[in-house]
Amino acid sequence: MRNNSPSELPLYEQIYNVVRQIPPGKVATYGQVARIVGKCTARMVGYAMSALPLQSDVPWQRVINAQGKISPHGDGIGTLLQRQMLEAEGIVFDSQGKTELDRFGWHGI
DNA sequence: CGGCTGACTCTGG
DNA sequence: TCCAGAGCCAGCC
């Protein structure tokens, strides 16, 4: 097993590790991921996501803000792409671009 | 080694 | 309901 010693892994990698655990069709908030990692804040998660390319092994698209909405980032291309990918997974957005965390929110493992 | 940047969240008005 | 400010930390140049 890859030593699961998180202390040896960079914080960003720990965050990515948690994000990879989010199952398809579900979404998690930055704060939620931060809470699972237990040693970083919601901002750290957002910063870590920004360091990821649009195409990566990490389902960064499933990470949204506490309002259940997608935070605008980049030129907006990534934001729109995120919404499209989430819709492709079955996530539904209302006219406000908001999703129901109560229904699609990830509860953790 | 110093400084800058960044996809959040909360509270108050 | 919307706007503004503060707190927070790691990675990169």
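The values are calculated or read from the model by the stated rules, or taken from the named source; none is laboratory data. All figures in this text were calculated on a predicted structure; none of them were measured in a lab. Counting neighbours? That spans all protein chains shown, and the Cβs are built from the backbone with ideal geometry, glycine included. What goes into the accessible areas is simple: the full protein's heavy atoms, side chains included, and nothing from ligands, DNA or RNA. Shrake-Rupley method; radii C 1.70, N 1.55, O 1.52, S 1.80 Å.
Could you rank the peptides A:53-63, A:94-104 by their average count of other C-beta atoms within 10 Å per residue, with the highest value first? The partial results should precede the final answer.
Working: A:53-63: 16.8, A:94-104: 12.9.
By packing density, highest mean first, the sequence is A:53-63, A:94-104.
Hey, what do the phi angles of region A:96-109 turn into as Karplus ³J(HN,Hα) couplings, whole Hz, using 6.51/-1.76/1.60 and θ = phi - 60°, x for Gly and Pro?
Going residue by residue, I get 8, x, 10, 10, 8, 5, 5, 10, 9, x, 7, 8, x, 8 Hz, with x marking Gly and Pro.
Give me the base-10 log of I(q)/I(0) for region A:6-104 at each q in 0.11, 0.12 Å⁻¹, Debye formula, one uniform scatterer per Cα, rounded to two decimals.
-0.29, -0.34
Quick one: which of A:35-43, A:72-80 comes out on top by average Cβ neighbours within 10 Å, and what's the full order, highest first? Mind showing how you got there, number by number?
Working: A:35-43: 15.1, A:72-80: 12.2.
Peptide ranking by packing, descending: A:35-43, A:72-80.
Using a 1.4 Å probe, what is the accessible area per residue for chain A, in Å²?
Values: 6830 Å² over 109 residues.
Per residue, chain A has 63 Å² of solvent-accessible surface.
Going by amide H atoms built from the backbone, whose H comes under 5 Å of the H on A:Ser71, apart from near neighbours?
Answer set, sorted by chain and number: A:Asn65.
Note down the nm distance, to one decimal, between modelled labels 7 Å out along Cα→Cβ at A:His107 and at A:Leu11.
Label at A:His107, label at A:Leu11, 3.1 nm between them.
Using modelled backbone amide H atoms (1.01 Å from N, in-plane), which distant-in-sequence or interchain residues come within less than 5 Å of A:Gly105's amide H?
Amide H neighbours of A:Gly105, under 5 Å, 5+ apart: A:Val27.
Given +1 on the Cβ of Lys and Arg, -1 on the Cβ of Asp and Glu, and no further charges, what dipole in debye does chain A carry about its Cα centre, rounded to the nearest 20?
Working: 11 positive and 9 negative charges, 49 e Å.
It works out to roughly 240 debye.
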